[in-house]
Amino acid sequence: MQDAPQVGELTPPNRTLMGPGPSDVNPRVLRAMSTPLVGHLDPSFIEIMNEVQDLLRYTFRTDNKWTIPVSGTGSAAMEAAIGNVVEPGDTMLVPTNGYFGGRMAEMARRAGGEVVEVDAPWGEPLSPSAVADAFDEHQPDVFGFVHAETSTGVRQPNVSELTGIAHEHDALVVADSVTSIGGVELRVDEWGIDVAYAGPQKCLSCPPGASPLTLNDDAMDKVLSREEPARSWYLDLSLLEGYWGDERAYHHTAPITNVYALREALRLVAEEGIASRWKRHERMAGALKAGVKAMGMEMNAPDEYWLPSLNAVRVPAGVDDGTVISRLLDEYDLEIAGGLGDLSGEIFRIGCMGHSARPKNVTYLVNALGSVLADEGADIDAAAGAEATAEKL
Ligand SMILES: Cc1ncc(COP(=O)(O)O)c(C=O)c1O
């Protein structure tokens, strides 16, 4: 056996997080995480669960009873959604316009579903006519789309139109709202979304670990009348219902500290007001966008479907994206990311989410990025960028 490892005290670097998530965490959330643990069935925790559920309903803009934080990251909420709503033999229609549509497809297959696709290139939203055509051709039982595609910086517009098409065909709609919840206008009930899952570490600025999920009665009726149980025991919503529903009986030990964190993060949303929070993200990301454009760079997404929480900026000619990203991290303690898949090497992905969506971060980002790009020989005007951002803040 090896000797006890000699590991030093934890001293992570103090980064400014402006990548695709996690975002900077509000100190109030960190403080909530250092409060004492209670048991997951303690009467005081039951009260906290109720509060979190109410705050989640407010943030999702829904009255859905079935609104819970799933233990795990956004992918756990995603798998809880897809793995329960898709039954063996069902057909699920998924998008091809980004990385996370591919993950939806993978999860639907593992749930025993057949996957069909609605095509749109990476970097573009789905068009309602393409969705309607796919419905006519395949008659899917479930339709999934990504409201805020983190891999491309695209916001899906026309959501009500898409859900309308799905409902005309008696299909359920599953929306990925991981990168929109709490930062970009999202109206689950008004837009006719049957199931929405999300992540806490983006516009809610909460550490990952407890991930929002909401289902309306139509979706939950399907889940509760499945012929065979969901393939995951841990994420089986008919069992989780026992803990998060009226009964409050043990299923698994809730990640108590993550639930505390989510409660505080959602309290911040309620204090600010959801619509004001959407506006703040738009204003802060608008200043960021103005800055990169004034420098001479291009946004990958046009304004009609620009995603304020994730800004995809074209890498200027002659510059190596990886070098810029590493220099920002090493010299400025500033995290941004590069492109994925079809957009690898083509874009920078710059988050503007939650506690990171504030003048301090945006100013720092635009100045640091301008400085590194100029130093790398890019044909940009760093001073014009900084000035344009300052004007908008
Ligand atoms: C759009 C989208 N969906 C799903 C996920 C998966 O979430 P997680 O990485 O928290 O499991 C992410 C994570 O970045 C995301 O951006």
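The values are calculated or read from the model by the stated rules, or taken from the named source; none is laboratory data. Only a predicted model underlies this, so the values are computations on that prediction, with no experimental measurement involved. Note that each Cβ is placed from the backbone with ideal geometry, even for glycine, and that neighbours are counted across all protein chains shown.
Here are a few things to note about the model shown:
- Residues in the stretch 145-165 that are away from the ligand (no atom under 16 Å from the Cβ) and out of contact with any helix residue (DSSP H, G or I) (no Cβ under 7 Å at 6 or more places or on another chain): Ser160, Thr163, Gly164.
- Qualifying residue in the stretch 229-239 (condition: more than 16 Å from the ligand (Cβ to nearest atom), within 28 Å of Gly183 (Cα to Cα) and not aromatic (Phe, Trp, Tyr)): yes
Residues checked against (1) hydrophobic (A, V, I, L, M, F, W, C); (2) surrounded by fewer than 20 Cβ atoms within 10 Å (Cβ to Cβ); (3) not assigned by TED's automatic domain parsing to the domain that holds Gly102:
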position	(1), (2), (3)
Glu117	no, yes, no
Pro128	no, yes, no
Gln139	no, yes, no
Thr179	no, no, no
Asp189	no, yes, no
Pro200	no, no, no
Cys206	yes, no, no
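- Test: Ala76 is touching a strand residue (DSSP E or B) at 6+ places or on another chain (Cβ under 9 Å), in contact (Cβ under 8 Å) with a residue 40 or more places away in the chain, buried (at least 24 other Cβ atoms within 10 Å of the Cβ) and small (Gly, Ala, Ser): no
- Check on Thr163, in contact (Cβ under 8 Å) with a residue 40 or more places away in the chain and either β-branched (Val, Ile, Thr) or part of a loop (DSSP other than H, G, I, E, B) (or both): no
- Of the residues making up the stretch 69-83, those that are under 17 Å from Ala261 (Cα atoms), of a type outside the set (Ser, Thr, Tyr) and more than 9 Å from the ligand (Cβ to nearest atom) are Pro69, Val70.
- When the criteria are applied in full, Glu247 fails the requirement of being charged (D, E, K, R), closer than 22 Å to Pro69 by Cα and not in a loop (DSSP other than H, G, I, E, B).
- Residue within the stretch 104-113 that is away from the ligand (no atom under 16 Å from the Cβ) and either out of contact with any Gly (no Cβ under 8 Å at 6 or more places or on another chain) or under 30 Å from Glu264 (Cα atoms) (or both) present: yes
- For the stretch 145-160, a residue qualifies if it is assigned to a helix (DSSP H, G or I) and touching a strand residue (DSSP E or B) at 6+ places or on another chain (Cβ under 9 Å), and exactly one does: Val159.
- Only one of the numbered conditions (1) within 15 Å of the ligand (Cβ to nearest atom); (2) farther than 20 Å from Asn64 by Cα is not met by Val195, and that is (2).
- Residue within the stretch 42-52 that is within 16 Å of the ligand (Cβ to nearest atom) and of a type outside the set (Lys, Arg) present: no
- Being touching a residue at least 40 places away in the same chain (Cβ under 8 Å), in the same structural domain as Ser177 (by TED's automatic domain parsing) and touching a helix residue (DSSP H, G or I) at 6+ places or on another chain (Cβ under 6 Å) is a property that holds for Asn84.
- Tabulated pairs, the stretch 176-205, first farther than 20 Å from His281 by Cα, second more than 9 Å from the ligand (Cβ to nearest atom) and assigned to a loop (DSSP other than H, G, I, E, B), C-beta under 6 angstrom, 6+ apart or interchain: Asp189/Thr62; Asp194/Asn216; Ala196/Val188
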